[in-house]
Amino acid sequence: MTVARTKTQDSVTTPPDAPESDSRRGQDASSTGGRPPFDELDLALIDALQTSPRAPWSQVGTALGIGATTAARRWHRLTELGLSWVTAYPTPSDDHCVAYVEVRCSPGAIEPLIDRLVTDPRVFSLEQVAGDFDLFLSVVTRGPAALAHFLSHDLGAHDGALSVNTRVSLRGYREGSSWRVRALDRDQRAQLGPRPAWTHPDASSSPDLVLLRALGGDGRRSYAELAAATGIAEPTARRRLQRMIRQGEILFRCDFAQQLAGWRLLATYRMNVPADRLDDAARELSALPDVRLCAAVTGNCNLLVSVWSRSAEETARLEGHFGERIPGLSITARTVTLRTVKRMGQLLDPDGTAAEHIPLEM
């Protein structure tokens, strides 16, 4: 699959005569296929935006010990190369049905099926994996009936899909917006202020879909840019977005091409824990720094857990840690991701860099 790259819009214009303190300018980047590698300041910048995705550059710069212009220029460079990005999406509500779909394909059907599914706005993430199946989809629909239609009419109708196994999420304990690079110390993180936890939105409220769509591909768009993109007056855009944040209707996520930064292995586990310990076990697993996703699900396991690791050895050690921390835990199946094609609406190139954003249908 080939996707045309689109540049992520940056919310700050960096003056051409900004003082140059980027140590990587002109650096040989052959080790990353012509792209500059991440350095420690890049990772700290990403961590800062994971902590506070819409923080002003002055606040980010203060936390990192650099100037606001340097922080903005660093981020502009990362986004221009597709190395990092901030996206926004609605917090799942009771109206949504979130499911994890495992698809076994005939050998020649994997790429055609990827091409068919990757632009579907209901498929918010798509991975090609090694395990008992070939494709792992994260899907969100408006209710179970819409999920059934997707499975039977849009996915099941494809001749190359030999089998489909679906696990409906019953409760989410952790997802990617709460994962951190962990490049900042406690004092630096404190300077960025507290970030709202992943919460269930107020049932009486509803997200502003116009603003959500404008923020989907670039969660750092300024209020002026949001106003220009949506036709909403700037003060109104500011008020509406701040309401969505306050009421837990929107999530921001700062992602990056993690393979190029050293997180080379993504593993997903299907686990069983004693039913009376499910909630405690899920919370304990969610507190582990390597865990990106933890959800209670239906099917032959009751927990789905995804982790990012730097090596297979590190993953093996983590598996042992699971059993030590959670008595009675058993791993029923595991997969390793060979290629992430789409992550939370962001289409990715084979090296994990951002190519194009597909708005989610939520």
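Between Arg238, Arg325, Arg253, the residue with the greatest mean-square fluctuation in the GNM of the chain (Cα pairs under 10 Å linked by springs) is Arg325.
Can you tell which of Gln191, Gln346, Gln59 shows the greatest fluctuation in a Gaussian network model of the chain with Cα springs below 10 Å? Of the options given, Gln191 has the highest mean-square fluctuation.
Listed from fewest to most Cβ neighbours within 10 Å, the set His357, His158 follows the order His158, His357. Remark: Trp85, Trp308 ranked as Trp308, Trp85, counting other beta-carbon atoms within 10 Å and listing the fewest first. Each stretch of four or more DSSP H residues adds -39500 (n - 2.57); spread over every residue of the chain, this sum gives -8500 deg cm²/dmol at 222 nm. Legend: ranking of residues Ser177, Ser330, Ser84 from fewest to most surrounding C-beta atoms inside 10 Å; resulting order Ser330, Ser177, Ser84.
Bear in mind that the values in this text are calculations on the coordinates, not laboratory data. Values in this document were obtained by computation on a predicted structure and should not be read as measured data. Backbone-built Cβ (ideal geometry, glycine too); neighbour counts: all protein chains shown.
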